[in-house]
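Bear in mind these aren't lab numbers, they're just calculated from the coordinates by the rules spelled out. Bear in mind the structure is a predicted one, so any value in this text is a computation, not a measurement. So basically every Cβ, Gly included, is an ideal-geometry build from the backbone, and we count neighbours across all protein chains shown.
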Amino acid sequence: MLTAGEARAAQPGERAAAAPGAPAATAARAAQVAQTAPSGKAAAPRHDPALIARGRYLVQTAGCNDCHTPGYAEAGGQVPEKAWLTGDRLGWRGPWGTTYPTNLRLRLAEMSRDEWLRFARAMQPRPPMPWFNVRAMSDQDLTAIWAWVKAMGPAGEPAPQALPPGQAPVGPVVMFPQ
């Protein structure tokens, strides 16, 4: 298996090499997913490993994991990568009701790149999701995030549905001033 420093684009019939700074398993998983997408689902990209590594970097540094990965902030970021972006049952409660971080690994599994770009540009979910930061990202950065999520593949369970104001949540929540 190649090390992260030996990254290069895979040729047909070869295993994908790891991108710099990314585990070798990430690139291998990307190649596997790209070749085995079930019919009816958005096919995984055959991007070069550098794009996938850029997506991983953005997910890690843009704060996506802070809410969308269970226990990430509490563990000081020491959560296995396989658990990244699988949503959370920790709710965020305020005047808008209670929201839960979406499982992006499941959400993006069904989206093509173009669908993801349209969604990212149009979404305006309830707080505390900083949708305005997502809208400010370039198409290249959004594509890199999409490529990394597609390379990782679907994982986890759907997050709980948002609750309207006044409906008490079951489970832990972060309370905002009412």
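Highest mean first, the peptides 146-152, 127-133 sorted by other C-beta atoms within 10 Å per residue fall in the order 146-152, 127-133. In this structure the amide hydrogen of Thr98, modeled in the peptide plane, comes within under 5 Å of the amide hydrogens of Leu163, none closer than 5 places in sequence on its chain.
Would you mind working out the magnitude of the charge dipole of segment 44-178 relative to its Cα centre, with +1 at each Lys and Arg C-beta and -1 at each Asp and Glu C-beta, to the nearest 20 Debye?
Working: 14 positive and 11 negative charges, 32 e Å.
Charge dipole, segment 44-178, about its Cα centre: 160 debye, nearest 20.
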